[in-house]
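So the structure is just underneath, and the comments pick up after that.
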Amino acid sequence: GNGQEWMAENLRSTVYANGDPIPNVTDSIAWGQLTTGAWALYNNDNQYENPYGKLYNWYAVADSRNVCPTGWHVPTDGEWTMLTDYLGGENVAGGKMKSTGTQHWQAPNQGATNVSGFSGLPGGHTGIYGFNTLGSAGNLWSASDTGPLWAWQRYLGASLINVQRGTVDKRSGFSLRCVR
């Protein structure tokens, strides 16, 4: 490997590493006004917690109490790039990172082989406009921001073999993977 160990599931924690609770915010209007950490379940429905995990805003990601378990951390933008480079580059890494088949991903789940064992899932997202893209997209936070409003993420899509790197609003609710 490339020296990295990644969790093979999306995070489901309700506490920071020190035991402090991460608030569950279910109202999208309230969610959109937050500048502190929070999590939600897709559609506020616990049937989605397994296998998709929770959706976190970037303020939970950036919290010094560490949203990941002790010994793990949220990957930086550079650590995501190390992973995708190791998997042959962004143009092909998406397929290697996605769980196979159409149990969770919408057809065609383009190029999905999961040879990496990452088992990426389409957990959808939430934000000021509510919940969207379950089954078609997996957005994964990085710990790296680009100013007061935006942070880097990685995007896996049902119709994509590539993984997309981009910046998004910190108030978005995305899936989270930890690395060590």
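One residue stands out among those in the stretch 102-120 that are among the hydrophobic types (A, V, I, L, M, F, W, C) and open to solvent by 70 Å² or more (accessible area, probe 1.4 Å): the one that is nearest to Gln33 (Cα to Cα), which is Ala107.
Residues that are in contact (Cβ under 8 Å) with a residue 40 or more places away in the chain, of a type in the set (Asp, Glu) and surrounded by 13 or more Cβ atoms within 10 Å (Cβ to Cβ): does the stretch 73-82 have at least one? Yes: the stretch 73-82 contains one or more residues that are in contact (Cβ under 8 Å) with a residue 40 or more places away in the chain, of a type in the set (Asp, Glu) and surrounded by 13 or more Cβ atoms within 10 Å (Cβ to Cβ). Residues of the stretch 121-148 being modelled with pLDDT of 95 or more, open to solvent by 10 Å² or more (accessible area, probe 1.4 Å) and among the hydroxyl-bearing types (Ser, Thr, Tyr), which ones? Answer for the stretch 121-148, where residues must be modelled with pLDDT of 95 or more, open to solvent by 10 Å² or more (accessible area, probe 1.4 Å) and among the hydroxyl-bearing types (Ser, Thr, Tyr): Thr133, Ser136, Ser144, Thr146. Taken as a whole, the structure places Ser99 among residues that are under 19 Å from Glu49 (Cβ atoms) and either under 12 Å from the mean Cα position of the chain (by Cα) or open to solvent by 10 Å² or more (accessible area, probe 1.4 Å) (or both). Tell me, which residue of the stretch 1-49 that is of a type in the set (D, E, K, R) and free of Cβ contacts under 8 Å to residues at least 24 places away in the same chain is most open to solvent (accessible area, probe 1.4 Å)? Residue satisfying both the conditions and the ranking: Asp27.
Scanning the stretch 85-96 for residues that are in a helix (DSSP H, G or I) and open to solvent by less than 60 Å² (accessible area, probe 1.4 Å) yields Val92, Ala93, Gly94, Gly95.
Screening the candidates Ala151, Ala158 for the property of being modelled with pLDDT of 95 or more, over 26 Å from Trp72 (Cα atoms) and not acidic (Asp, Glu) yields one hit, Ala158.
The values are calculated or read from the model by the stated rules, or taken from the named source; none is laboratory data. All figures in this text were calculated on a predicted structure; none of them were measured in a lab. Quick reminder, even Gly has a Cβ in these numbers, built from the backbone with ideal geometry, and neighbours come from all protein chains shown. Calculation scope for accessible area: heavy atoms of the full protein, side chains included, ligands and nucleic acids excluded. Shrake-Rupley method; radii C 1.70, N 1.55, O 1.52, S 1.80 Å.
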